Amino acid sequence: MKAVTKSSSRIEPVVFHTINTIFMLFVVAITLYPFLHTLAVSFNDGSDTLSGGIYFWPRAWTMENYKAVFISGTIYHAAFISVSRTILSTVLGVFLTTMLAYTLAQPQYIFRKKISMLFILTMYFNAGLIPNYFLIKELGLLHSFWVYILPSLVSAFNLIIMRTYIRGLPGSLTESAKIDGAGDFRIFWKIIFPLCTPVLATVALFIAVGSWNAWFDTFLYASSDIKLSTLQYEMMKLLGSTMSTNNDPSLLAGNQHNQQQALVTPASIRAAITIVTAVPILFVYPFLQKYFVVGLNLGSVKE
């Protein structure tokens, strides 16, 4: 009996790790396949894509899909606007959210519950599209670059995560700093802010992804000003024009005078647009990934 028990105790971990590895490989495969398929379609000839059978590797290599995406001269300036708004929104949003969260995490601040409740209410109630538009207009933010930054500086969701994380920090840190004569801002900048690295990375990733992917605010508040157009809005317009010219999609690539060039189709353009807009933010994620899970767990569990 002892021999059977020992052998089973040795086999069980092997079986578990084998099944776990197979399951995780399956999860990785189904997670990566959509991206790899889209990447393959973006580099494949559009007319060949229509016949199907493209999975992980292009069958007829071409760069015409990306040429069609970047043929417009406004794309590069739109990309600059998207990068600028993403960087500014992330830096200012993280800094101001952390400052507000630090204030609301202080037990001696008598208005912390009321202000926290006001922010929480914004997660459930919204004035609507038209009142928001008139508010932006009255604030003088229409056709202004700051319309991308100011309205979304502080998110209630990010604020709650940040405040919860700061509450979990030892109170003795701030008490000893106050005894040494440090003020609130010095305590925040020298002690609290550096200790919030995991949750800062989490909130920064949330803000950066949201700012990078945003296009509807451009459509509402700055669609008539080409200088304020963002990359995602230009991609949306290109995709719309692709779908509307489905009967003659080769016009989009500017190749109507060269019948030997690859045909560009809505499916191939859509794949190229997806890759162009997704790849930049994918390069940012690996640098924040090691902090992301830790910051999200600590910021949502501690209370």
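The values are calculated or read from the model by the stated rules, or taken from the named source; none is laboratory data. All of these numbers come straight from a predicted model, not from anything done at the bench. Reconstructed Cβ throughout: ideal geometry from the backbone, glycine too, with neighbour counts over all protein chains shown. To get the accessible areas, we keep the full protein, side chains included, count just its heavy atoms, and leave off ligands, DNA and RNA. Shrake-Rupley method; radii C 1.70, N 1.55, O 1.52, S 1.80 Å.
Observations on the structure shown:
- Yes/no for ILE187 being modelled with pLDDT of 85 or more and either touching a strand residue (DSSP E or B) at 6+ places or on another chain (Cβ under 8 Å) or not charged (D, E, K, R) (or both): yes
- Among the conditions (1) at pLDDT below 70; (2) out of contact with any Gly (no Cβ under 8 Å at 6 or more places or on another chain); (3) under 29 Å from ILE160 (Cα atoms), the only one that ASP248 does not satisfy is (3).
- If the condition is being assigned to a loop (DSSP other than H, G, I, E, B) and surrounded by 20 or more Cβ atoms within 10 Å (Cβ to Cβ), then region 168-199 contributes only CYS196.
- Looking across region 273-303, the residues that are among the β-branched types (Val, Ile, Thr), at pLDDT 75 or above and surrounded by 12 or more Cβ atoms within 10 Å (Cβ to Cβ) come down to ILE273, THR274, ILE275, VAL276, THR277, ILE281, VAL284.
- Residue match in region 156-169 (condition: modelled with pLDDT of 90 or more and under 14 Å from THR90 (Cα atoms)): yes
- Selection count, region 137-167, where residues are in a helix (DSSP H, G or I) and under 25 Å from VAL203 (Cα atoms): 19
- Taking region 5-104 as the region of interest, none of the helices (runs of 4 or more DSSP H) fully inside it holds 2 or more residues being under 30 Å from SER268 (Cβ atoms) and in contact with a strand residue (DSSP E or B) (Cβ under 6 Å, 6 or more places away or on another chain).
- Qualifying residue in region 253-272 (condition: modelled with pLDDT of 50 or more and in contact with an Asp or Glu (Cβ under 6 Å, 6 or more places away or on another chain)): yes
- Which numbered condition LEU129 misses (of (1) under 23 Å from GLN232 (Cα atoms); (2) at pLDDT 90 or above; (3) open to solvent by 60 Å² or more (accessible area, probe 1.4 Å)): (2)
Every residue, every condition in (1) under 26 Å from the mean Cα position of the chain (by Cα); (2) closer than 30 Å to GLU175 by Cα, yes or no:
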| residue | (1), (2) |
| --- | --- |
| THR18 | no, no |
| SER47 | no, no |
| THR62 | no, no |
| VAL69 | yes, no |
| ILE75 | yes, no |
| SER84 | yes, no |
| PHE95 | yes, yes |
| MET117 | no, yes |
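- The set of residues in region 156-170 that are closer than 14 Å to LYS113 by Cβ and more than 21 Å from the chain's Cα centre (by Cα) comprises ARG163, ARG167.
- Only a single criterion out of (1) part of a helix (DSSP H, G or I); (2) modelled with pLDDT of 80 or more; (3) hydroxyl-bearing (Ser, Thr, Tyr); (4) over 30 Å from MET99 (Cα atoms) is not satisfied by THR202, namely (4).
- Any hit, region 63-73, residues being among the charged types (D, E, K, R), surrounded by fewer than 19 Cβ atoms within 10 Å (Cβ to Cβ), touching a residue at least 24 places away in the same chain (Cβ under 8 Å) and more than 30 Å from VAL199 (Cβ to Cβ): yes
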